[in-house]
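The values are calculated or read from the model by the stated rules, or taken from the named source; none is laboratory data. Treat the numbers as computed from the prediction; the structure is a model and nothing was measured. Backbone-built Cβ (ideal geometry, glycine too); neighbour counts: all protein chains shown. The protein model used for the area step is the full one, side chains on, heavy atoms only, and it has no ligands, DNA or RNA in it. Shrake-Rupley method; radii C 1.70, N 1.55, O 1.52, S 1.80 Å.
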Amino acid sequence: MSIAFVRTDMAPSQSPPTRSSGLVGWARKNLFATPVDTIFTIIGVLFLIWAVPPIYGFIFPTSLGGNAVAPGGTVEQCRVENAGACWAYIAARFNFFIYGFYPISEYWRPNIVFAMGAVLIVPLLWPAIPYKGINALLFFVVFPVVSFYLLNGGVFGLKPVPTEQWGGLMVTLIISLVGIICSIPIGILLALGRQSDLPIIKTLCVMFIELWRAVPLITVLFMASIMLPLFMPQGMTVDKLLRALVGVTLFASAYLAEVVRGGLQALPRGQYEAGASLGLSYWKRMFFIILPQALKHVIPGIVNNFISLFKDTSLVSIVGIFDLLNTVQAASSDIDWASPTQAVTGYLFAAFVFWIFCFAMSRYSLFMERRLNTGHKR
Amino acid sequence: MNQVSQTESTSAAPGGMTVSDTDVAIDVVGMHKWYGDFHVLRDIDLRVMRGERIVIAGPSGSGKSTLIRCINRLEEHQQGQIIVNGTELTNDLKRIDEVRREVGMVFQHFNLFPHLTILQNLTLAPIWVRGVPKAEAEDMAMHYLERVKIPEQAMKFPGQLSGGQQQRVAIARSLCMQPKIMLFDEPTSALDPEMVKEVLEVMISLAQEGMTMICVTHEMGFARQVANRVIFMDQGQIIEQNEPEAFFSNPQHERTKLFLSQILH
C-alpha cells in the first residue's frame, strides 16, 4: 500500500447532524440529562409549587384570584385577616411617593420636567435617531437648567419651592441622574490623571480616588450635611440637597475612575503608539482612539456602578432628604391606612420601582455592548 | 518576489558624504539609550538621505526596533541627537508632533483601531491632525486603499480582515498622512507565510517611488532587492553596514558572518 494520496474531489460542506429537537428533546437535554439533574429538577418543581401560590396570592388582587386589595379598595378590606398587599394604600399615597412634599398645586412643574426628560432621553439612547449633537446639548445643558428653575421656582412668577419640599421618586431620579451624568467626565479625567506622566496630577488623582473610595457613602453624606456647615462662614448656607448631590457625585466618580482605569490598562500599548505615530495629540488620541475602546470594554463595570449608585441614593434619607424610600417609610406610619400589610406593601412598591430602573439600565447596557461590538472574532 | 523585477540603485547616497542639509532625512548623532540600567542603544550614528531605503537586520534584542522607535519618539533617547527633517527631537511636545506628522510607522501587529471602519482608520489622522476636509480625506483614503489593492474593504472593520490585508491597511493609513519618511517595524513577522508577499509587494512599490524608508525586517530577499544599505545591529550597536550585495556576499564582522550563516541556508 502506498502512502501517497491526492484528493480528487473536495468534501462538500454539509449541515450539522440534527439532534432530537422539540419540547421533549429540550427537556431531556436540560432537565433530565442525568439522575442528579432529574433530582434537582424535581426539587425545583416542588419548591415552585410551595412558593409561588402564596406569593401570587399576596401580590395579585381578588379579581385575578389573589388576596390583594386593588387600587380603589378601602382600608377596611386591607384589614381583613389574610388580606394580601394593600395596593389601595399605594394608589392613595402615590403622589406622595412621586413628589414628596411638593405643593399639590404645583405638581405640573415636576410633571413637565419628567416629560421633558423622557422626551429627550429616549432619542439620546436610541442609536438610530439622528441629531445626537443637538439632542445631547438639550439634555445635558438646557434640560438641567430649565428643570432647576422650573422645580425651584422664584422666577417668571413661579412660586418658590425650597428643596426641603422636594421628595419621592423625583428626588431619587434627580440625585441619581446628576450623580451618573456628572461622575462620567470627572471619573474619566481622574482615570486619565492617574495614568499621567505628570507627577503632581498623578498624585492628586490618586489621593482623591483613594480618599473617596476609602470612606463609606453614609460618612460622606453626614460630613456634607452636618460637618460642612460648621466650617462654613457665619450666615453662609449651601442647600442640603446640593450638598448631597456633590457628595454622591464625587463618591461615584472615584469609583468610576477605577473602572475606567481598568479599561485603559486592558488596551494594548500598540493602540497608544499607533495614535501617537500618526501625530495625534494626547487629547485627540484619548478622545478618538483610547476612550471609545476602553469605555466599551468596561460597560458592564460602569453600569454596575450606576445601578449601585441608583440604589445608594436611598442613603440620603439618613440626612433627612425625602427620596422614594424615605417617603415610603414615612407613609407607613400613616394611621389612616394602618393595616397588617401596609409597610410590606410600601416596601414592595419601592423595591419594584427600583427594580424597574435598574433592570432597564442593565438591559440597555447589554444592548449597547452588542451594538458596539466591532471585534468580529473570526 | 522575483516577479517584481527591476531594482534601481541609482539614488544610493551612503552616509558620510558631504551633502546639503535638505537632502538629509534623518540624522542620528552619538545617540545612547538606556532602559533603567540596561544600555540598549550605544553610540548610534546614522545618517539617512532622502529617498534612501535602509534595512536594519540583527538578532532579537539587538535594539533594531528601539532604534526606529526613537526616530518618531515612541521611545526617548537620553544622550546624543536625533534630527528628523531638520527638527531635533527633544521633550518639546510640539516638535514631537511635528516630526510624527511627517514620519509614518508600520507596526508588527498592525495596530489598526478596531472600533473604527477601515475608511475611518485612514481618515482619522488627516482630518484631525492635518485639518483635511472629510470628503477630501475619504477620496485620499480610497486612493491609497486602491494602491494597496483592497478598496472593497473600506466599510469593514479591521477584525474582519486577514493579517495581510490589515497590514496593507496599516501602510495605507500611514500614507494618508503623506509622510516624508516611512518606518517599518518587522511588518511581516506576524503574518502567515502566504500573506507575506502581498505586504512586501506594497513596500517594494513604495520604494520604487522613492519613499525614504527604514525597515526592520528579517526578509533578506526584500533587503537584497530594494535596500540601498543594510545595517547589522547587535547588542545595541551598529556592527556593520554596507550595500546589500557586498553585505550578503562579503560580510566583514564575525558576528555578521555568524548571523548570516544562521538565517541564510
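Points worth noting:
- Interface area, A with B, accessible, probe 1.4 Å, both sides summed, Å² nearest 100: 2100
- With only Cα atoms counted, the protein assembly as shown has Rg and Dmax values of 34.1, 107 Å.
- The range B:140-265 gives an Rg/Rh value of 1.02, both radii derived from C-alpha positions and Rh following Kirkwood.
- Residue B:146 exposes around 110 Å² of accessible area when a 1.4 Å probe is run over every protein chain in place.
- The range B:101-161 - Rg (one decimal) and Dmax (whole number), Cα, Å: 11.4, 30
- Convex hull volume per residue for chain B, taking Cα atoms only, in Å³: 139
- Dimensionless Rg ratio for the range A:211-326, taking C-alpha atoms and the 2.2 N^0.38 Å reference: 1.41
- Inter-part distance where the range B:31-76 and the range A:266-319 are each reduced to a Cα centre, Å: 34
- Mean ellipticity per residue at 222 nm, deg cm²/dmol - from DSSP H runs of n ≥ 4 across chain A, formula -39500 (n - 2.57): -19500 deg cm²/dmol
- Each label point was placed 7 Å from the Cα along the Cα-to-Cβ direction; for residue A:30 and residue A:3 their separation is 5.0 nm.
- Residues whose amide H falls under 5 Å from that of residue B:239, counting only those 5 or more places apart or on a different chain, are B:232, B:233, B:234, with hydrogens built in the peptide plane.
- Per-q log10 I(q)/I(0), the range A:84-227, q = 0.10, 0.17, 0.20 Å⁻¹ (Debye; single scatterer per alpha-carbon; no solvent): -0.54, -1.11, -1.20
- The range A:22-78: mean projected area of Cα convex hull, nm²: 5.6
- For the peptides B:211-218, A:114-121, the ranking by mean Cβ contacts within 10 Å, running from highest to lowest, is B:211-218, A:114-121.
- Separation between Cα centres of the range A:88-114 and the range B:151-198, rounded to whole Å: 61
- In order through the range A:151-164: 3J(HN,Hα) via Karplus (6.51 cos²θ - 1.76 cosθ + 1.60), integer Hz, x for Gly, Pro: 6, 7, x, x, 10, 6, x, 6, 5, x, 10, x, 4, 4
- Residue B:237-residue A:41 pseudo-label distance in nm [points 7 Å out on the Cα-to-Cβ vector]: 7.6
- Across the range A:220-227, rounded Karplus estimates of 3J(HN,Hα) from the backbone phi angles (6.51 cos²θ - 1.76 cosθ + 1.60, θ = phi - 60°) give 4, 5, 4, 4, 5, 9, 10, 6 Hz, Gly and Pro being marked x.
- Percent of alpha-carbon pairs separated by more than 17 Å within the range A:45-146: 68
- Accessible area (Å², 1.4 Å probe, nearest 10) - residue B:258: 90
- Segment residue A:369-residue A:198, length gained on full extension (0.36 nm per residue, minus Cα span): 58.2 nm
- Probe 1.4 Å - accessible area at residue B:157, Å² to nearest ten: 50
- Protection proxy ranking, peptides B:77-88, B:196-207, average beta carbon neighbours within 10 Å, highest first: B:196-207, B:77-88
- Distant-in-sequence amide contacts of residue B:88, defined by a placed amide H-H separation under 5 Å and a gap of 5 or more residues or a different chain, comprise nothing.
- When the helices of chain B are scored as -39500 (n - 2.57) per DSSP H run of n ≥ 4 and the total is divided over every residue, the value at 222 nm lands at -10500 deg cm²/dmol.
- Couplings for the range A:130-135, taken from phi via the Karplus curve 6.51 cos²θ - 1.76 cosθ + 1.60 with θ = phi - 60°, read x, 6, 5, x, 5, 4 Hz in order; Gly and Pro are left as x.
- C-alpha center-to-center spacing [the range B:119-135, the range A:119-182] in angstrom: 36
- P(r) tail, the range A:95-372: Cα-Cα pairs separated by more than 32 Å, 32% of all pairs.
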